[in-house]
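Since every read-out is calculated from the coordinates, none of them should be taken as a lab result. Bear in mind the structure is a predicted one, so any value in this text is a computation, not a measurement. Don't worry about glycine lacking a Cβ; one is built from the backbone with ideal geometry, like all the others, and counts go over all protein chains shown.
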Amino acid sequence: MLLHWTVHPWPQPDPGQVIFYDLPGEHILFSILALKSGYEWFEPTGRVVFGVFELLAALMILIPPWRKSGAKLAVVIFGSLIALHLSPWLGIELQLPGNTGSDDGSVFYLTVAAITAAILLINLHPARLSR
């Protein structure tokens, strides 16, 4: 146990919850989208594209001159994810693998919290002073 915490200090993520590390067909959200919509490009292509844009937005938010642009990109990304959740393909609650129940909307609520934070960053962050 001590070796686990020194080498890998975070708990192991649940299968089907990590965008870049899951094998094709294992990610819950994009697998359901590919299955119910009939568009096979949602998994794994759509998953990787969304992940790259999320990573780009996160890096842009960390760099002060690009902070508002990164927040605007995050609003577009999370707005499209909310639209997918509200579509008839996905729904607010995701079914967990193995018919063990649902996530009680936790992924949807996390997306709403992320878009709220991005909107707050756009509106409350001070403007850049021109010289």
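Brief remarks follow.
- A Förster radius of 22 Å combined with the Cβ-Cβ distance from Ser106 to Ile63 puts the calculated FRET efficiency at roughly 0.15.
- Fewest neighbouring Cβ atoms within 10 Å first, the residues Arg47, Arg67 line up as Arg67, Arg47.
- Distance between the stretch 71-99 and the stretch 106-129 - C-alpha centres, whole angstrom: 16 Å
- Here the residues Phe30, Phe78, ranked from fewest to most Cβ neighbours within 10 Å of their Cβ, fall in the order Phe78, Phe30.
- Residues whose placed amide H lies under 5 Å from that of Ser102, excluding near-sequence neighbours: Leu96
- Alpha carbon convex hull of the stretch 34-131, volume per residue in cubic angstrom: 106 Å³
- Test item: Cα-centred dipole of the stretch 2-124, Lys/Arg +1 and Asp/Glu -1 on Cβ, debye: 560 debye
- Listed from fewest to most Cβ neighbours within 10 Å, the set His125, His27, His85 follows the order His125, His85, His27.
- Positive minus negative residues near Val112 (Lys, Arg vs Asp, Glu; Cβ under 15 Å): -3
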